[in-house]
1. How big is the accessible area of Asp46 in square angstrom, nearest 10, if you roll a 1.4 angstrom probe over the protein chains?
2. Against the empirical 2.2 N^0.38 Å scaling, what ratio does the C-alpha Rg of segment 1-93 come to?
3. Once amide H atoms are built 1.01 Å from N in the peptide plane, which residues 5 or more positions from Leu313, or in another chain, come under 5 Å H to H?
4. Tell me the label-point distance for the pair Leu192, Phe361, using the 7 Å Cα-to-Cβ offset, in nm and rounded to one decimal.
5. Accessible area per residue, 1.4 Å probe, Å², for segment 1-93: what's the number?
6. Enumerate the calculated ³J(HN,Hα) couplings along segment 280-290 in order (Karplus 6.51 cos²θ - 1.76 cosθ + 1.60, θ = phi - 60°), each rounded to whole Hz, writing x wherever the residue is Gly or Pro.
7. With the Cα gyration tensor of segment 243-383 in hand, give its eigenvalues times 5 under a square root as the equivalent ellipsoid semi-axes, listed largest first in whole angstrom.
8. Per residue, how much accessible area does segment 276-387 have with a 1.4 Å probe, in Å²?
Amino acid sequence: MEAVLGQVEQLPALLAVSRSALVRDWDSLTLDRALEWARYFQQLYDRFRARPQLREALGRRLRRSQPCPLLGFPALGRCPQLLGLALLENRALPPAACRRLLRSLLQPPGAGPGSDPRGLELLARRKAAARLLALSRRAPGPEPQLQAEARLLLSRLRQEGQEQEAREATGQLRWLCGAQEGQEAGEAAGQLRWLCGALELLPQPRAFEVVAGALALLRQGRGAEQAGDGDGDGGGSSSPGGYQESAEGEECIAGLLLSWLLGNQERFSAFCLCIPGSHLAFLAGHYSQLCRFYLDILTGWGRHLHYDPLHGLWVKSCLDKAELSWEELRERFICLCQGSTPLKEQTQAALELLRTQDGDFRVRGLSVWTDLLMEVGSSCMDTKATRT
């Protein structure tokens, strides 16, 4: 195992050389050896991804070999793509080696003459996405870039799910022997580990925005989400069985995103502070589990407000804490009550229960829940009058 760890430690050096001017001396044989190492690292990923202790050991050794830890264990699975993309972008690569690289990507070793060029297609799609994201950074507003990142995350999660299905097919015999439940749990845990690793590469506010965007896209419909994908590979199905299978896959992806988001209370609290109230209200209206957690977070923030009789205002009990002010809390509840009818009823029922537990006061200044109910009711009446 120590020999394997030593080999993994060389991955950053391999990628660094592939981006340098040293490749100008590469011939076809040198290129083949580099690609063989990349495929070997990918095989290590496939072999150890379901073994947490070995996976962690490989990830530690990989991070240790870098002055700034940018690569983790998931990079082993993408090594052929990372190496291929670095070489394609390197103008120092000799023409003969470049032609050899393109042939290798179009026709991977072991593939038949009729195989699809998935390696090159994947590289092209990711490169095109990177170019588009770079252009969108110059445009006013972050929306195009954010939606593209959310689509890329969903696409990668679907790819992970398809790989899991392939492994399920090969392990069907073991399922019949009674290992199905444990196998499925292990696969879900593996996908969640990949998701955690991918989101850790983003700054926290950006990771929250991408996850919120992905959850919104899942509920806006699979067709809308795929509008910018342009695969044209006929992967979808119009049959009832295909639609049901697709819907189950989307629910699985939503479950993974929610597990990452709701599995840590501090993380979810930071998420609620980062995402606008109108967007959170949309998500709460479509994900009942998220709605319950969101109402609990708002309740906790409301309990930290106290009434200042001199100014007639609700103020934070601790100014330096990352919590909402009265005005912000009121806007969050108003957004919830302006959502769907079930969401509005659930929000008002929660506020009424909190008011009852707080003494069931009906005048302002005695209970934050009484005042919130009055503000919410007044806002709903104003909205209704405006619409009529």
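The values are calculated or read from the model by the stated rules, or taken from the named source; none is laboratory data. No experiment lies behind these values; they were computed from the predicted model shown. So basically every Cβ, Gly included, is an ideal-geometry build from the backbone, and we count neighbours across all protein chains shown. Only protein heavy atoms, including side chains, enter the accessible area calculation; ligands, DNA and RNA are left aside. Shrake-Rupley method; radii C 1.70, N 1.55, O 1.52, S 1.80 Å.
1. Asp46 has an accessible surface of roughly 90 Å² with all protein chains in place.
2. Numbers: Rg = 13.2 Å, N = 93, 2.2 N^0.38 = 12.3 Å.
The reported ratio for this selection is 1.07.
3. Asp308
4. 4.2
5. On the way: 5010 Å² over 93 residues.
Value returned for segment 1-93: 54 Å² of accessible area per residue.
6. 5, 5, 4, 5, 5, x, 10, 10, 5, 5, 5
7. Numbers: eigenvalues 177, 62, 29 Å².
For segment 243-383, the semi-axes come out at 30, 18, 12 Å.
8. Working: 6130 Å² over 112 residues.
For segment 276-387, the per-residue accessible area is 55 Å².
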